[in-house]
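See below for the structure under consideration.
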Amino acid sequence: ALDDRARFAAWPAEPGTTRATGRAGALLAEARRARPRAVIALLNPRSPGAGYFERFGFRPGKPLPAGGFSLAFDAVAVATPTGDRARARADWFDLLWRGVPVAPLAGSGGDPTRRCGALRTWVGAPGPWRAALQRGPVCVSGGPLVTLEAVAPGRVRLTVRAAPRHQPKRARVWGDGRLLATLPLGEGRNISSRNVDVPRGIRWVVAEVDD
């Protein structure tokens, strides 16, 4: 915690690990020194009055805030039951634009009144958590499993797998923060696949599905 309000987490943690407080840069540096293989995650960055981005005045496309603001974390929560998805997407895309390899996370938001596990983070790589998150692929979801695969130079394949109770309707594919394609998905299908052309020079691609 930062000043008992802005929230970070690190895992795995040693038994008996205690809560720490302090300025962001020093706290994150100490966490990385103490647990070099741990995943350091930023939680609830836009909580009103308390979220890390809110407290420092971080804004996409603007210079980074002063006063100890640090981006030395591995993952950021982009999907929670009560979060603003469009704003979380804008924040995350801005970090990627800055060259910060931050993985997305989903979670229940720390609210004990909500169903635990309604939103999950899927990691499709073996090995230690931090390395797996950095390599990807990573999917945050409340149901459908979404994957992107490079199938040829300048082309990716989007695949959406869903249980019968889920009916994903539409997918959007983003490249470097620019909307590349909006694709209808076959209703009644458990698996839908689409190819998407990616212009030369695009550094990163993200898919988003409406359930």
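Checking the stated criteria, residue 99 turns out to be open to solvent by 40 Å² or more (accessible area, probe 1.4 Å), at pLDDT 90 or above and in a loop (DSSP other than H, G, I, E, B).
The residue of region 172-211 that is surrounded by the fewest Cβ atoms within 10 Å (Cβ to Cβ), among those that are polar (S, T, N, Q) and out of contact with any Leu (no Cβ under 9 Å at 6 or more places or on another chain), is 182. Applying the condition of being open to solvent by 40 Å² or more (accessible area, probe 1.4 Å) and without any contact (Cβ under 8 Å) to a residue 40 or more places away in the chain to region 124-138 and asking which residue is nearest to the chain's Cα centre (by Cα) yields 138. Considering region 57-96, the residues that are of a type in the set (Lys, Arg) and either in contact with a strand residue (DSSP E or B) (Cβ under 8 Å, 6 or more places away or on another chain) or not in a helix (DSSP H, G or I) (or both) include one that is surrounded by the most Cβ atoms within 10 Å (Cβ to Cβ), namely 89. All conditions but one from (1) touching a Leu at 6+ places or on another chain (Cβ under 7 Å); (2) modelled with pLDDT under 85 apply to residue 13; the one that does not is (1).
Considering region 136-195, the qualifying strands (runs of 3 or more DSSP E), each wholly inside and each with 1 or more residues that are closer than 19 Å to residue 121 by Cα, polar (S, T, N, Q) and modelled with pLDDT of 90 or more, run over 145-152, 155-161.
Given the structure, is residue 117 at pLDDT below 85, assigned to a loop (DSSP other than H, G, I, E, B), within 17 Å of the chain's Cα centre (by Cα) and closer than 15 Å to residue 44 by Cβ? Considered against the rule, which asks whether it is at pLDDT below 85, assigned to a loop (DSSP other than H, G, I, E, B), within 17 Å of the chain's Cα centre (by Cα) and closer than 15 Å to residue 44 by Cβ, residue 117 comes out as no.
Within region 151-171, the residues that satisfy the criterion of being open to solvent by 30 Å² or more (accessible area, probe 1.4 Å) and either closer than 12 Å to residue 197 by Cβ or among the charged types (D, E, K, R) (or both) are 151, 152, 153, 154, 155, 157, 161, 165, 169, 170. Within region 75-100, residues that are among the hydrophobic types (A, V, I, L, M, F, W, C) have Cβ atoms under 7 Å from residues that are in a helix (DSSP H, G or I) and surrounded by fewer than 17 Cβ atoms within 10 Å (Cβ to Cβ) in these pairs: 79/85, counting only partners at least 6 apart in sequence or on another chain.
The values are calculated or read from the model by the stated rules, or taken from the named source; none is laboratory data. Predicted model only: the values in this text are computed from it and were never measured. In this analysis, Cβ positions are derived from the backbone assuming ideal geometry, glycine residues included, and neighbour counts consider all displayed protein chains. For the accessible areas, the whole protein counts, side chains as well, though only heavy atoms, and no ligand, DNA or RNA atoms are used. Shrake-Rupley method; radii C 1.70, N 1.55, O 1.52, S 1.80 Å.
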